[in-house]
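Asker: Encoded as structure tokens, here's the structure I'll be asking about.
The values are calculated or read from the model by the stated rules, or taken from the named source; none is laboratory data. None of these values were measured; they are calculated from a predicted model. All Cβ positions, glycine included, derive from the backbone under ideal geometry; neighbour counts span all protein chains shown. Accessible surface is based on the protein model in full, side chains and every heavy atom, while ligands, DNA and RNA are left aside. Shrake-Rupley method; radii C 1.70, N 1.55, O 1.52, S 1.80 Å.
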Amino acid sequence: MANIPMDKRILNEFLKAGYIEYKGSFHITNEGIPQVGVISPVIVNMVLDGLEAHIMKDLTRKKVTGIGIKLTNFVRYVDDFMITYPYEWMGEIIKKSVIVFLTKRGLNLSKEKIKIIDTLSTENGTVNYLGCEIMRQHRNELNRIPLSKVSADQMFVATRIPKIKINNFIKNIRKIVKSDYNKSIQVLVDELNSKLREWGNYYVHGNVSQDFRQIDQKIFHIVMRWIKTKFNLKTYNAAISKVGIKEKEHLNMKIGYISENKTKVFLVNLGSMKLYREGKVRRPKLFKK
């Protein structure tokens, strides 16, 4: 409570307001913050603000300098945070620093969620963070040399989509497609495009071109099977001829429809989405030497 700069009476009313589930049942909150409440991320951000500076100060007190400080990075999204550091012995210092910071604010570090990962390990060198897999890779993916024997200039940080996320997404798409064979192709395309854009935009900052192409192929076959069943057709050629339209005369047909204002609407192709590569954000000067 002391770390939130607002009227404490209003804050207390927020915390004791309770929450209503989707089906309408009301739940009282006697302690903690209701995760579905709009104030939850705001409070968490305020409480954890200053954690990075606290860690850097503790590292400086322990005489960590040079590469140790330069290569220590802190990333946080609400209450999920990840800390990278160059030397194994720094891990215990950072862990104690985080525990001290949280204890002062009445919080605990979840032992179940703490994972210390050696990114040079070939077996468990992958970091799962915010629905992504972050790992080191060779610039030449065909290179089979162990990561521990590869120099830094031969490696880069890759962000991938976990297989379980891909499989769950495909299952969700298949469920949507098979839910109703009476809907029109316009309704199906619009429904799928909403899901595809939302999901694709979340991952466009990663190394996902290969994953996107594979997902496109699977979704294409799912939709084509739906078209064959709906119109009682036997071949893919017959199906694409039934609902396909051309973006340009010289190009192959795509799944889509022509809207009321005569514009062509196609099923979103993840593989054609523009991917973005973000440069490393320079950390501001957090403390005086």
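Asker: How about the range 160-191: which of its residues are of a type outside the set (A, V, I, L, M), crowded, with 17+ Cβ neighbours inside 10 Å and not in a helix (DSSP H, G or I)?
Answerer: Within the range 160-191, just Arg160 meets the criteria.
Asker: Here is a further query. Could you list, in sequence order, the residues of the range 48-74 that are assigned to a strand (DSSP E or B) and either open to solvent by 80 Å² or more (accessible area, probe 1.4 Å) or modelled with pLDDT under 90 (or both)?
Answerer: Across the range 48-74, the qualifying residue is only Asn73.
Asker: Looking only at residues in the range 22-46 that are assigned to a loop (DSSP other than H, G, I, E, B) and open to solvent by 100 Å² or more (accessible area, probe 1.4 Å), which one is modelled with the highest pLDDT?
Answerer: In this case the residue turns out to be Ile28.
Asker: Just name the residue that is surrounded by the fewest Cβ atoms within 10 Å (Cβ to Cβ) out of those in the range 76-97 that are within 30 Å of Ile39 (Cβ to Cβ) and among the acidic types (Asp, Glu). Even if it seems obvious, please write down each step before you answer.
Answerer: Restricting attention to the range 76-97, the residues satisfying the condition of being within 30 Å of Ile39 (Cβ to Cβ) are 76-83, 94-95, 97.
Those still in the list that are among the acidic types (Asp, Glu) too: 79-80.
Values: Asp79: 17, Asp80: 11.
It comes out as Asp80.
Asker: Further question: Which numbered condition in (1) on the phi > 0 side of the Ramachandran plot; (2) in contact (Cβ under 8 Å) with a residue 40 or more places away in the chain is the only one that Gly106 fails?
Answerer: The failed condition is (2).
Asker: Which pairs turn up if I take residues in the range 84-102 that are over 11 Å from Asp58 (Cβ atoms) and look for partners that are open to solvent by less than 50 Å² (accessible area, probe 1.4 Å) and in a helix (DSSP H, G or I) with beta carbon separation below 7 Å, at least 6 apart in sequence or on another chain?
Answerer: Taking only residues 6 or more apart or on different chains, the pairs are Tyr85/Gly91; Tyr85/Ile94; Pro86/Gly68; Tyr87/Gly68.
Asker: For Ala239, work out the one condition from (1) over 30 Å from Thr159 (Cα atoms); (2) loosely packed, with under 13 Cβ neighbours inside 10 Å; (3) not acidic (Asp, Glu) it doesn't fulfil.
Answerer: (2)
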